[in-house]
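Below is one structure, written out as structure tokens, with a few remarks after it.
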Amino acid sequence: MLKGEKVFLRAVELEDSRIISAWLNDRETNINLDIIYPLSKRYADSYVLSAEEENNKRIFIIDNHDRKPIGLFIIDKIKWEYRNCEIGIVIYDKNSRGKGLGEDALRTGLDFIFNEMNMNLVYLHVLSDNKAALNLYRKLGFEFEGELRERIYKNGRYHNLIVMSKKREGGDNDENWIDK
Ligand SMILES: CC(C)(COP(=O)(O)OP(=O)(O)OC[C@H]1O[C@@H](n2cnc3c(N)ncnc32)[C@H](O)[C@@H]1OP(=O)(O)O)[C@@H](O)C(=O)NCCC(=O)NCCS
């Protein structure tokens, strides 16, 4: 289990799949995510199991201080050879948003990724109109990499998808990289 200042990141258990199933079907939150269809409980079960079976993926439950599950932190597409991976973070419990818990979970997860998993670079995708998430990522040092045009369709219109990344601090110099 990883301990932040306000949250814990812990391994996902099969018993979590009921709440995960409810979360994955939360259409209000899914406005910000690349989830389209209603998903079955069986899907949630296999999603949880995939966390242990796949070598390129780790799923953490974000628990608050009272050990109540409030969201997910996902490490995906781990490329052990290149030492990079994609992350996703969602605070599903709406009462827990805006209280610094997402930031603490992300800080805790990034510390683990860089200093325990020995990754060199972390990237993510975010909808261009998701101001809260964009602010959070910028605050924690993610840089803009590029914008994928009309890659997501939600609520009757297309949305651009922004790619951001963050390098390990004190890592190798990145001479070809121009921060726009
Ligand atoms: C985006 C999300 C993870 C942020 O977590 P959170 O716990 O609500 O955010 P925090 O309280 O930790 O805020 C940290 C920073 O994020 C930004 N932020 C958070 N909520 C914001 C809001 N409503 N408007 C603007 N910026 C916001 C701010 O920069 C904030 O720092 P500050 O308090 O110093 O201004 C969370 O709101 C969430 O899960 N939203 C729905 C799903 C989602 O969009 N996930 C990301 C997909 S890419």
_Pair list, Cβ under 8 Å, 6 or more apart: the stretch 46-73 residue part of a helix (DSSP H, G or I), other residue modelled with pLDDT under 95 and of a type in the set (A, V, I, L, M)_ = 48/14; 49/14
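Filter the stretch 126-150 down to residues that are part of a strand (DSSP E or B) and within 13 Å of the ligand (Cβ to nearest atom) and give me whichever is surrounded by the fewest Cβ atoms within 10 Å (Cβ to Cβ).
So the residue we want is 127.
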*Is at least one residue of the stretch 29-36 surrounded by fewer than 14 Cβ atoms within 10 Å (Cβ to Cβ) and over 21 Å from residue 124 (Cα atoms)?*
no
*Looking only at residues in the stretch 111-125 that are surrounded by fewer than 22 Cβ atoms within 10 Å (Cβ to Cβ) and in a helix (DSSP H, G or I), which one is nearest to the ligand (Cβ to nearest atom)?*
111
_Contact list please: Cβ distance under 7 Å, first residue in the stretch 100-113 and farther than 9 Å from residue 7 by Cα, second residue among the β-branched types (Val, Ile, Thr) and buried (at least 19 other Cβ atoms within 10 Å of the Cβ), pairs at least six apart or on different chains._
106/89; 109/87; 110/122; 113/75; 113/122
*Filter result (within 9 Å of the ligand (Cβ to nearest atom) and either aliphatic (A, V, I, L, M) or under 21 Å from residue 81 (Cβ atoms) (or both)) within the stretch 91-110*: 91, 101, 105, 106
_Could you check the stretch 3-18 and list, in sequence order, the residues that are buried (at least 16 other Cβ atoms within 10 Å of the Cβ) and within 16 Å of the ligand (Cβ to nearest atom)?_
4, 6, 7, 8, 9
*Scan the stretch 76-93 and report the pairs whose first residue is part of a loop (DSSP other than H, G, I, E, B) and whose second residue is of a type in the set (S, T, N, Q), with Cβ atoms within less than 7 Å and a gap of 6+ or a chain change.*
83/118; 83/120; 92/29
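The values are calculated or read from the model by the stated rules, or taken from the named source; none is laboratory data. Just so you know, these numbers come straight off a predicted model, no measurement behind them. FYI the Cβ positions are ideal-geometry reconstructions off the backbone, even for glycines, and counts take in every protein chain you see.
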